[in-house]
Amino acid sequence: MKFSLRSVSQRGGRLATISELGRHGDKTVTTPMCLVFTQAGTIPHLTNDMVQKLGKHAYPVHLPLPLLLESHEILQKYSNGIGDFLALKHHLLYLSVQDSTIRPPEGFNEKSFVSLWGRSGRLNVDVDKFMSVQEAFKPDWYQALCDSDAGKVGSRKRAHKSVERTLAYLDRCLEKHKESEVLRHSCIFGSIEGGSVAEERELSAKETAKRPVAGFVLEGLDTNGPLDSVLPLCENGKKEIIQSILVDSK
Amino acid sequence: MSAPVNHSALTLKVLAECSVTKARACQLSLPHSVVDTPVFMPVGTQGSLKGITPEQLENSGCQIMLGNTYHLGSNPGAELFDKVGGLHKFMGWKRNLLTDSGGFQMVSLVALSEVTEEGVRFSNPYDAKDMLLTPEKSIEIQNSIGADIIMQLDDVVSSTISGPRVEEAMGRSIRWLDRCIEAHKKTKTQNLFAIIQGGLDSRLRTICLNEMSKRNVPGFAIGGLSGGEDKNDFWKMVTLSTDFLPKHKPRYLMGVGFPVDLVVCSALGCDMFDCVYPTRTARFGTALIPTGKLDLKKKGCAEDFRPIDENCSCSTCRQFTRAYLHTIVTKETVASILLTIHNIQYQMDLMRSIKEAIIQDKYPEFVNDFMQKQFPTRNYPEWTVDALASVNIKLS
């Protein structure tokens, strides 16, 4: 994947193009870009052919993992990847760890796993399972496993944990990603954690930027604070995804 | 017998008649488009097929669909339709529409309704007002809605009851037909169909057939059936009606039905059908297939990577596997839409193959083939064996 900045405005607004999109050949997308939200692999209430009528062809699609996780084994047997399974293979597919429209309950992530909530309840996902899912799903872009539970607003201890754990997950995901033939065309994104604690955010951004990630996901903005402190810390040449500025779906 | 009158709003051309059964394939020309019969009309109660756009419906090959006067008359109401210029414009449907009279819903949906010679009095559940639906009022609302085919207000009784009420309803339906004919203002653009009543009593049905066929209406419906009565009685009333009704006018069997019913009743000489079944069962996760039904909620579909039907050309079957549909059925609204699209296509394809078989004069073979797929162990329902035998088809 190649991210080319075309222009930056005085206040920092950026226009860019993303090309070399792996299995999508010479297609490009321009940014700022909005991903189309899906739930269990469908755009709520709209069939694919109806969405085509909006004139958006090969639009990028956001697939939150929680409601798709229970299909892991089915996808392994299916072997053609989630894009094909959902009849969305001509679209750019981004697989995120959580569903950003739903705030998961606090306090359910442990050191070695993250909790996701599927239809039948809580599912614990460690790095091994997570990467096995990526290999079965074969997304274009995916967010590395991350702990986005930064605890109560202002809590330093939990915020620090979320940063530490996320970096540890990221390193292991990167290792496995590198070894994986199947994920050759997929790009991995690192998540900036740290809740509302500026120093933790700064640490997370600086450390994540040192890893060979294709871009950054600014996590936890629906629960903790503004963007200002975080954005400048991400390397200029890299792409960023802002996950859900549509806060509070309540 | 009066000389046939040219109804400018409808012409029926019989293309082929089965040499064995009473089946016929026709071309029914209506104000908005031509309809090939036998035809299945999906039900779009509130002016839409739940979840489907008119364009998606058009793509399936559907040429005529139903709207319900009771629902549309309450919301948005006749006045709005007058302002807009009718339901076709309102919902963006370029092909044909048929509206029922509102009578059936009033009786089936409303706890307290009272039928008198004047009309049906009931309490509207939407706004708790007392309303009287007379034949005149029903036609007035239907004139505003503007469907290509409109139905008389009939006195509907449940097919499971017997006794003097049935005869009373039959007699009243004839009188209400005359009042509807009198009240109907748009004879050049809308076709008023009569509805044969008489319950499961062949004497009463015959009286009704005799009387109603004297009236100069462009088409006839066979009503008062498909209400939970014994199928062994049902088919006899259908075939009695088609024996009697004039050949040059369409016959509409109301509220039918399941795929097997469509195949058998086409053999008995019916041209038009309507039923909520295919669309309703779709919303509950059941797809229609040549061998019967496929319940996508069942665990057996979880790892089935085939489409619902490998021979179906609908957009659902072209894109999705049973395994995928299993993950979303009854949980995501898109699942209802995808299954509805499939079931409508199934019905359209079924009717087209019925028509083609009749035109090729191979309907008995078609029926046998269809029934064997639906009942592989040959455990045919008794009524189908009898009904088909009555039109010279022996199920093997």
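Quick notes
- Projecting the Cα atoms of A:Ala16, A:Gly215, A:Phe108 onto the charge dipole of chain A (Cβ charges, centred on the Cα centre) puts A:Ala16 farthest toward the positive pole.
- Shielding by other protein chains, A:31-39, mean Cβ within 10 Å: 1
- Helix-only CD estimate at 222 nm, as mean residue ellipticity for chain B, using -39500 (n - 2.57) per DSSP H run (n ≥ 4): -12000 deg cm²/dmol
- Counting only DSSP beta bridges with both residues in the protein assembly as shown, the antiparallel share comes to about 45 percent.
- In order through the stretch A:89-103: 3J(HN,Hα) via Karplus (6.51 cos²θ - 1.76 cosθ + 1.60), integer Hz, x for Gly, Pro: 5, 8, 10, 6, 10, 10, 9, 9, 6, 10, 8, 6, 8, 10, 7
- GNM result for chain B, Cα springs below 10 Å: residue of B:Cys180, B:Cys314, B:Cys26 fluctuating most strongly: B:Cys314
- Here the relative contact order of the stretch B:162-224, from alpha carbon pairs under 8 Å that lie six or more residues apart, stands at 38 percent.
- Packing order of peptides A:21-27, B:43-49, highest average first: B:43-49, A:21-27 (average count of other Cβ atoms within 10 Å over each peptide's residues).
- 26 Å Cα-Cα reach of A:Lys152 towards lysines, excluding residues that sit fewer than 8 places from it in its own chain: A:Lys111, A:Lys161, A:Lys206, A:Lys250
- Sorting B:Glu229, A:Glu199 from the fewest to the most surrounding beta carbons within 10 angstrom yields A:Glu199, B:Glu229.
- Exercise: per-residue mean of other protein chain Cβ atoms within 10 Å, A:73-83: 2
- Selection from A:Pro66, A:Leu88, A:Met131 lying farthest towards where the dipole of chain A points positive, charges on Cβ: A:Leu88
- Selection from A:Ala40, A:Trp141, A:Ser7 lying farthest towards where the dipole of chain A points positive, charges on Cβ: A:Ser7
- In a reduced charge model with +1 at each Lys and Arg Cβ and -1 at each Asp and Glu Cβ, the protein assembly as shown shows a dipole moment near 980 debye about its Cα centre.
- Mean separation of Cα pairs under 8 Å and 6 or more residues apart, divided by the residue count, gives the stretch A:80-224 a relative contact order of 22 percent.
- Sorted by Cβ density within 10 Å, fewest first, the residues B:Glu117, A:Glu202: B:Glu117, A:Glu202
- Computed on chain A, with alpha-carbon pairs under 8 angstrom and 6+ residues apart, the relative contact order is 15 percent.
- Calculated [θ] (222 nm, deg cm²/dmol) that DSSP helices of n ≥ 4 give over chain A, each run adding -39,500 (n - 2.57): -8000 deg cm²/dmol
- Peptide A:47-55 shows a mean partner chain C-beta count of 4 within 10 Å per residue C-beta.
- For the stretch A:1-142, diffusion coefficient by Stokes-Einstein and Kirkwood Rh (Cα), 10 °C, 1.306 mPa s, µm²/s: 95
- Note that the stretch B:234-244 has calculated 3J(HN,Hα) couplings of 3, 5, 5, 5, 5, 6, 4, 5, 6, 4, 8 Hz, one per residue in order, obtained from phi through the Karplus relation 6.51 cos²θ - 1.76 cosθ + 1.60 (θ = phi - 60°); glycine and proline are x.
- Note on A:Met33, A:Met131: ascending count of other Cβ atoms within 10 Å places them as A:Met33, A:Met131, the fewest first.
- Amide H within-cut-off set for B:Gly47, under 5 Å, with H built and near neighbours excluded: B:Asn68
- Distant-in-sequence amide contacts of B:Gly219, defined by a placed amide H-H separation under 5 Å and a gap of 5 or more residues or a different chain, comprise B:Ala194.
- Residues whose amide H falls under 5 Å from that of A:His45, counting only those 5 or more places apart or on a different chain, are B:Thr333, B:Val334, with hydrogens built in the peptide plane.
No lab work stands behind these numbers, since they all come straight from the coordinates. For clarity, every value in this text was computed on a predicted model and none was experimentally measured. Note that each Cβ is placed from the backbone with ideal geometry, even for glycine, and that neighbours are counted across all protein chains shown.
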